[in-house]
1. Lys/Arg Cβ at +1, Asp/Glu Cβ at -1, dipole of the stretch 250-357 taken about the Cα centre: which of 322, 282, 333 is farthest positive-ward?
2. Cross-link candidates for residue 244: which lysines have Cα within less than 18 Å, leaving aside residues fewer than 8 places away along the same chain?
3. Could you put 168, 271, 389, 337 in order, starting from the residue whose Cβ has the fewest other Cβ atoms within 10 Å?
4. Starting from 0 in steps of 20 Å, tell me what percent of the Cα-Cα pairs of the chain lands in each bin.
5. Just in the stretch 288-332: which GluC sites (Glu not before Pro) are loop by DSSP and have at most 10 other Cβ atoms within 10 Å?
6. What relative contact order, as a whole-number percentage, does the stretch 334-444 give when Cα pairs under 8 Å and 6 or more residues apart are counted?
7. Given R₀ = 30 Å, FRET efficiency for residue 422-residue 307 by Cβ-Cβ distance, to 0.05?
8. With an 8 Å cut-off on Cα pairs and a minimum separation of 6 or more residues, tell me the relative contact order of the chain in percent.
Amino acid sequence: MNRKKPNIKNPNGKLGILTPGMGAVATTFIAGVIAARKGIALPIGSLTQMGVIRLGKRTDGRSPLIKDFVPLANLNDIVFGGWDVYADDVYHAALEAQVLDERLITQLKDELQQIKPMTAVFDKTYVRNLSGTNVKKGTSKMDLANQLMEDIRRFKKENNCDRLVMVWCASTEAYIETSEIHQTLESFETGLRTNDERIAPSMIYAYAALKTGVPFANGAPNLTCDIPALVELSHHTKMPIGGKDFKTGQTLMKTIVAPGLHARALGLRGWFSSNILGNRDGAVLDAPENFKTKEVSKGNVLDGIFNPELQPDLYGNIYHKIRINYYPPHGDNKESWDNIDIFGWLGYPMQIKINFLCRDSILAAPIVLDLALFMDLAHRAGMYGIQEWLSFYFKAPQTAPGLPPQHDIFKQLSKLENTLRYLMGEDLITHLGLDYYEELIKEYEALLHLDK
Ligand SMILES: NC(=O)c1ccc[n+]([C@@H]2O[C@H](COP(=O)([O-])OP(=O)(O)OC[C@H]3O[C@@H](n4cnc5c(N)ncnc54)[C@H](O)[C@@H]3O)[C@@H](O)[C@H]2O)c1
């Protein structure tokens, strides 16, 4: 240890994890954490629970589990809550989502039945393919925000929580762009009072969270907290924020494969990505205005990894197309196909085909857990505003204005790990490794008597 460790408050007491949206992802996350605490199943895919981190030199042999290295909330101290436009408790919502085995859900029935969604802030113009009735009524968007703040305070008190975190797990909203109403906290608050149509429900949740001292992460591709007004609020209230869109499925695969092709300076001519999925998320994305939000979030990944302007001979002419099709028979078991046209030495073409038969919510659930635990850690460590070190978990990472996002999953992981090392006062790892060789060479040359 060679650096002063920042002061991190201990994770004493209970952590409440609140999810707007209690559909496939949220119920799979909640059921999974409860199953893990009962020892029924392992929280696989969660870096905080299963991942290790190397500390010091390779020769030191120090690679603890991340949860043993950084002071994270314990799974036994987590309490769950949330909002949904459907009133089903989490037991029934998990059965409805058809992600997890019915036998597993039945084993957890007592706990899951206790968790009931609070009434949602919902606006059909943002998600036209849903029509639930568990919805708040209010005189204005500001009134709805106040009702959410009341829910948050009540939840915290009734569940005796020390801290809360909010992770957006609700449907993808219709595409909108940042406009003047989103520019400052003042104009945003005026918009809340005057019911401005450019303020989406997800923004109202994010506003309520940040106002009540709750860190906020956005798992969907909507703008939500990625607007200057809410970044400003996160600085006023010193709350961590992050987004957008959980990195699962096809984009996860893309950001694993693309950095490898780029590393070998292989050329890329085209990348056609097609998906079929049949869950409620798929039904929502069947509306063109909601699909547009997803398409934009997925679309920038390749440019971010290949940087065409730096190597135009290799990447100056990429054709990138993404298709998502609603196909009910597949349910949550998304299937994706990628056709990748690459070229090598002297321009000779080659092809790669990827057919990923994945389970969307099985990949997303551990991300919800990790984001909640890391956002809580960030808050206890005094970090606030955009948490770019959590880009690892997002398809379209939120960054400070003018800063291009990092999409390469290996660079994202290295940034995340170095942030943890930094927080704990450990040496950052650059993988330079010359120091090992300096020592080895000295020993080796001494053996050969070349050191004289
Ligand atoms: N599953 C994945 O791998 C994955 C990956 C990236 C992003 N996402 C995003 O995560 C979100 C959740 O996905 P899912 O598969 O659980 O979808 P889902 O349709 O099963 O669940 C979303 C839930 O949100 C509720 N909802 C919608 N608007 C709401 C509001 N304003 N307030 C409260 N509740 C609201 C819906 O009623 C629904 O129950 C989606 O936006 C999806 O695009 C999922």
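1. Toward the positive end, the furthest listed residue is 333.
2. 254, 292, 294, 298, 395, 411, 415
3. Details: 168 29, 271 23, 389 20, 337 15.
If I rank by nearby Cβ atoms, fewest first, I get 337, 389, 271, 168.
4. 24, 55, 18, 2, 0
5. Details: sites: 289, 295, 309; in loops: 309.
Here the sparse-neighbourhood loop sites are 309.
6. Numbers: 82 pairs, mean separation 15.1, N = 111.
So the answer I get is 14 percent.
7. Working: r = 26 Å, r/R0 = 0.88.
Using R0 = 30 Å, I get an efficiency of 0.70.
8. On the way: 885 pairs, mean separation 89.0, N = 452.
In percent, rounded to a whole number, it is 20.
Every number here is computed from the coordinates shown, using simple stated rules; none is lab data. It should be emphasised that the depicted structure is a prediction, and the values quoted were computed from it without experimental measurement. Note that each Cβ is placed from the backbone with ideal geometry, even for glycine, and that neighbours are counted across all protein chains shown.
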